[in-house]
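S.K.: Just passing along the structure, written as structure tokens.
The numbers here are math on the coordinates, done by the rules we state, and not lab data. The model shown is predicted, which means the values in this text are computed figures rather than measured ones. Counting neighbours? That spans all protein chains shown, and the Cβs are built from the backbone with ideal geometry, glycine included.
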Amino acid sequence: MISQEIEKYIQNHTTPEDPLLAELNRETHLKVMHPRMLSGHLQGVFLQMISQMIHPKQILEIGTYTGYSALCLLRGLAPNGLLHTIELNEELIDFAAKYFKRVEGGMRIKQYAGEALKIIPGIHEQFDLVFIDADKENYLNYYQLVFDKVRQGGYILADNTLWDGKVIAPKKLDKETRGIVEFNEAVQNDKRVTNLLLPIRDGIMIMKKL
């Protein structure tokens, strides 16, 4: 979405990746399929800052992957808070868990294995912050499912909302692109939120519940 020169400049003017996140980043690229799914440095710093500004007591993450984004969100979690993170791929649960065990406060991350659409109704919490980063065709379903669980004034973030630019006049809507387009349009027309679509990495939609 931006030139390599600008991206390098941004990287050079952003707080560096700490050793634990750098190790997780490297191991993901070495051992896990589709490492591009990792949140990565720039998005990680953004998620950390959002969490630190909100100081949420309850966070819901839909899509753990290898745990990078959860570790970043954890850094703003209130001392008595809990971060709930859901991952469909059970092979990644242990991968993420070994990093969660190494970080201060990692015991405040609660992992769930399985389909988020089935798991979310059983989590009886009011969330201050929700981060959606799972299968794109279900983004709107996730949004609708979590909305009533988000407190007034709470935030929902959704990753990949530019979807490599496919959202702009797509010639053929595959199911993932269709899911993102439908989600973006639904959010834009939802009078219950204020929203901002940021061109960070592959696009992050920020919604504040009114």
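S.K.: If the only charges are +1 at each Lys and Arg Cβ and -1 at each Asp and Glu Cβ, what is the size of the charge dipole of the chain around the Cα centre, to the nearest 20 debye?
M.R.: 400 debye
S.K.: List, largest first, the extents of the alpha carbons of region 4-209 along their principal axes, each in whole Å.
M.R.: 45, 42, 32
S.K.: Turning to a different aspect of this structure: So what is the relative contact order for the chain, in percent, with contacts set as C-alpha pairs under 8 Å and at least six apart? Intermediate results must be reported in sequence, preceding the final value.
M.R.: Details: 346 pairs, mean separation 34.9, N = 210.
In percent, rounded to a whole number, it is 17.
S.K.: Using a 7 Å offset from the Cα along the Cα-to-Cβ direction at both Met53 and Leu210, what is the distance between the two label points in nm, to one decimal?
M.R.: Result: 2.0 nm between the two label points.
S.K.: Then there's this: May I ask you to evaluate 6.51 cos²θ - 1.76 cosθ + 1.60, the Karplus curve with θ = phi - 60°, for each residue of region 92-103 and list the ³J(HN,Hα) values in order in whole Hz, giving x for glycine and proline?
M.R.: Values, residue by residue: 8, 4, 5, 4, 5, 4, 5, 7, 4, 6, 8, 10 Hz.
S.K.: At 222 nm, what value in deg cm²/dmol follows for the chain if DSSP H runs of at least 4 each add -39500 (n - 2.57) and the sum is divided by all its residues, to the nearest 500? Before the final figure, lay out each step's value.
M.R.: Values: 8 runs with 80 residues, N = 210.
The per-residue figure over the chain is -11000 deg cm²/dmol.
S.K.: So, one more: What is the calculated FRET efficiency for Asp18 to Asn195, with r their C-beta to C-beta distance and R₀ = 22 Å, to the nearest 0.05?
M.R.: So the FRET efficiency works out to roughly 0.10.
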